[in-house]
């Protein structure tokens with residue numbers, strides 16, 4: 001849902017240049033980074049939840065990134 005929200009806001013609320021809109025939308029489709037896990041481990045809380053978030057978001061990003069690239073019409077050069 002986040003990539004759709006970012007695209008909608010970037011398109012209608014803050015009219016962005018198409019390149020910037022594509023970059024923002026693809027960035028929103030990326031998985032959670034390892035920093036989430038590192039901070040959870042450093043503070044000793046939510047380590048399991050952070051691990052699950054990283055694994056699930058990485059697996060889901062295969063589909064969300066593919067869908068975002070397809071819908072945005074991004075092609076390899």
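Nothing in this text is a laboratory measurement; each read-out follows from the coordinates by a stated rule. Please read all numbers here as calculations on a predicted model, not as lab measurements. Glycine also receives a Cβ, built like all others from the backbone with ideal geometry; neighbour counts cover every protein chain displayed.
If I go through segment 31-70 residue by residue, how many of them are touching a residue at least 12 places away in the same chain (Cβ under 8 Å), over 24 Å from residue 6 (Cβ atoms) and either touching a strand residue (DSSP E or B) at 6+ places or on another chain (Cβ under 6 Å) or exposed (fewer than 13 other Cβ atoms within 10 Å of the Cβ) (or both)?
0
I'd like to verify a number: residues in segment 1-22 that are more than 28 Å from residue 52 (Cα to Cα), in contact with a helix residue (DSSP H, G or I) (Cβ under 7 Å, 6 or more places away or on another chain) and part of a helix (DSSP H, G or I), how many?
Qualifying residue count for the region: 3.
When segment 52-72 is examined, which residues are found to be out of contact with any helix residue (DSSP H, G or I) (no Cβ under 9 Å at 6 or more places or on another chain) and within 14 Å of residue 26 (Cβ to Cβ)?
Across segment 52-72, the qualifying residues are 61, 62, 63, 66, 70.
Can you confirm whether residue 25 is in contact (Cβ under 8 Å) with a residue 40 or more places away in the chain and assigned to a helix (DSSP H, G or I)?
Spelling it out, residue 25 is indeed in contact (Cβ under 8 Å) with a residue 40 or more places away in the chain and assigned to a helix (DSSP H, G or I).
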